[in-house]
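Down below is the structure, laid out as structure tokens.
The values are calculated or read from the model by the stated rules, or taken from the named source; none is laboratory data. Every value quoted in this text rests on a predicted model; they were computed, and no experiment measured them. When we count neighbours, we look across all protein chains shown, and the Cβ atoms used for this are built from the backbone with ideal geometry, even at glycine.
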Amino acid sequence: MKSLKKVTLNFNNMMKERLGSQGIGINDIKKLNQKIKQAIKNIKQKREDGLLGFMYLPYDLKVRDEIKKVAELVQNKYENVVVLGIGGSALGTIALRNALKHPFYNMLPSEKRKTPKLFVMDNVDPEVASGLFDVIDLKKSVINIITKSGATAETVAFMKIVWKKLIDKAGKNKLKEHIIITTDKEKGELRKIANTFGFISFVVPGNVGGRFSVLSPVGLFPLACIGINIDDLLKGAAYMDTICSNDNIWKNPAYIRAILHYISDIKFGRKITVMMPYSNALKDIADWFAQLWAESLGKKYSVQGKVVYKGLTPVKALGATDQHSQVQLYIEGPFDKVITFIKIDKFRSDITMPANFQEFDSISYLSNKKMSALLNAEQIATEMALAKNQRPSMTITLPEISEWTLGQLIYMLEVETAFIGELYNINAFDQPGVELGKILTYAFMGRKGYKDKLKQIKISKGIKKFII
């Protein structure tokens with residue numbers, strides 16, 4: 001029964017009982033009682049008011065059914081699905097593709113793969129762009145262009161290139177067969193293009209920001225195209241929603257994680273959040289989380305407009321790989337980090353190490369042991385070593401890697417992010433700091449209406465004093 005396969009949180013290694021003076025006490029949490037109550041009230045009210053759109057996504061079955069219908073057509077007709085998107089329009093798709101499909105999915109022969117290859121083009125690196133066209137046939141590909149605003153520079157740049165190549169190879173009258181748009185319901189240039197050409201299109205809900213959109217058509221459509229069970233993904237998220245709707249913080253993993261991170265910051269000055277999955281499949285979940293955490297929490301102003309300069313810095317690590325690079329810093333470096341391990345109880349495949357090299361004690365001890373046992377032993381050992389040195393950590397355990405458990409994990413981390421935003425008294429759903437860079441890019445590339453910004457660029461480029 002899927003409901004028994006619950007994602008769990010162990011936060012013993014955050015607490016005073018385990019870490020002594022470097023740990024969080026029950027009284028530290030009790031002191032925040034009023035703030036916590038207000039945060040819970042705010043989340044409930046914002047959800048009621050429709051402001052937390054990501055919380056509705058697990059229940060949008062009409063959109064799910066539309067996605068499945070189009071995805072089936074794609075599976076039957078095309079060899080490749082190419083996503084053009086960046087940030088929230090790409091990271092979740094990459095993370096869940098890599099978590100839920102074969103580690104070398106695109107390299108499998110079609111009879112083993114059974115569904116189209118998936119390429120996510122999330123940067124405007126010209127070498128990567130050129131390389132794509134060396135490995136795919138555009139006439140056998142569907143292009144999913146994703147940008148909520150309809151004007152994301154990186155996405156529309158790639159779109160321009162693909163558009164011309166499609167016309168050159170297949171003809172303008174065939175564009176409709178190869179392009180699917182995911183954008184705002186009414187606004188933006190991409191919506192106009194979709195309407196003009198009659199492209200199949202999906203809607204990014206207006207109340208769902210990009211970094212919270214993986215369970216919307218942004219992520220669900222390309223994932224469904226490659227055979228990922230989006231029903232179970234949404235059911236897992238809905239199951240976690242029932243858990244994360246509990247006002248009792250001791251039974252709500254999203255709320256208690258947010259509270260522990262908040263206290264770690266305000267009491268201990270721990271402003272670095274490390275996410276360290278002990279699974280290559282989940283490596284890119286840390287990448288997705290980095291955007292969610294950084295873009296949501298890095299804010300200059302409180303909701304009242306007061307300058308506060310808040311934020312926690314996400315760091316990505318991979319167990320056991322980064323035991324051999326980063327963990328030295330975590331154990332003996334500054335006391336400025338909180339580490340989250342992600343552990344897998346049961347891997348989808350496993351290998352038993354053979355009983356060879358028996359004459360060498362430093363090798364033979366691994367004989368007849370499973371690789372999963374070694375990986376999980378390393379996770380527990382790292383956790384214990386950190387605790388012994390009074391370094392805080394939490395462990396999220398997935399019973400298995402599946403759509404059901406990944407739906408739970410994604411949703412829990414999204415709720416945690418929303419809740420800690422309330423504790424910090426900031427808006428976790430905007431990103432004003434990103435806008436200036438976008439505006440200057442538009443000016444640099446000669447976009448109409450941004451000419452006045454060129455002077456600022458020229459001044460910056462003209463400073464040569466500190467160039468070696």
Subject >> Verdict on residue 247 being outside any helix (DSSP H, G or I), over 18 Å from the mean Cα position of the chain (by Cα) and modelled with pLDDT of 95 or more >> reply: yes
Subject >> Which listed residue, of 218, 204, is in contact (Cβ under 8 Å) with a residue 60 or more places away in the chain, assigned by TED's automatic domain parsing to the domain that holds residue 66 and not charged (D, E, K, R) >> reply: 218
Original post:
Just checking, which of 188, 227, 198 is within 21 Å of the chain's Cα centre (by Cα) and surrounded by fewer than 20 Cβ atoms within 10 Å (Cβ to Cβ)?
Top reply: 227
**OP:** Check whether at least one residue in region 104-112 is at negative phi, touching a Leu at 6+ places or on another chain (Cβ under 8 Å) and in contact (Cβ under 8 Å) with a residue 60 or more places away in the chain, and report yes or no.
**Re:** yes
**OP:** Hey, could you check region 356-399 for residues that are assigned to a loop (DSSP other than H, G, I, E, B) and touching a residue at least 24 places away in the same chain (Cβ under 8 Å) and say which is surrounded by the most Cβ atoms within 10 Å (Cβ to Cβ)?
**Re:** 392
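Results for (1) surrounded by 14 or more Cβ atoms within 10 Å (Cβ to Cβ); (2) within 30 Å of residue 401 (Cα to Cα); (3) touching a Phe, Trp or Tyr at 6+ places or on another chain (Cβ under 7 Å), shown as yes or no for each residue.
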site	(1), (2), (3)
116	yes, yes, yes
137	no, no, no
147	yes, yes, no
155	yes, no, no
173	no, no, no
179	yes, no, yes
Subject >> Segments classed as strands (runs of 3 or more DSSP E), wholly inside region 264-355, with at least 3 members that are within 20 Å of residue 390 (Cβ to Cβ) and without any contact (Cβ under 8 Å) to a residue 24 or more places away in the chain >> reply: none
Original post:
over 21 Å from the mean Cα position of the chain (by Cα) and closer than 23 Å to residue 95 by Cα - does that describe any residue in region 380-397?
Top reply: no
**OP:** Have a look at 83, 128, 120 and point out the one that is in contact with a strand residue (DSSP E or B) (Cβ under 8 Å, 6 or more places away or on another chain) and over 30 Å from residue 347 (Cα atoms).
**Re:** 128
**OP:** Kindly indicate which of 123, 106, 195, 98 is in contact with an Asp or Glu (Cβ under 8 Å, 6 or more places away or on another chain), in the same structural domain as residue 78 (by TED's automatic domain parsing) and either closer than 18 Å to residue 73 by Cα or part of a helix (DSSP H, G or I) (or both).
**Re:** 98
Subject >> Exclusive hit being under 21 Å from residue 87 (Cβ atoms) and assigned by TED's automatic domain parsing to the domain that holds residue 171, set 145, 136 >> reply: 145
**OP:** Quick one: count up the residues across region 428-446 that are closer than 17 Å to residue 35 by Cβ and either of a type in the set (Phe, Trp, Tyr) or out of contact with any Gly (no Cβ under 7 Å at 6 or more places or on another chain) (or both).
**Re:** 0
**OP:** Determine which single condition residue 410 fails, assuming it passes every other condition in (1) outside any helix (DSSP H, G or I); (2) among the aliphatic types (A, V, I, L, M); (3) at pLDDT 95 or above.
**Re:** (1)
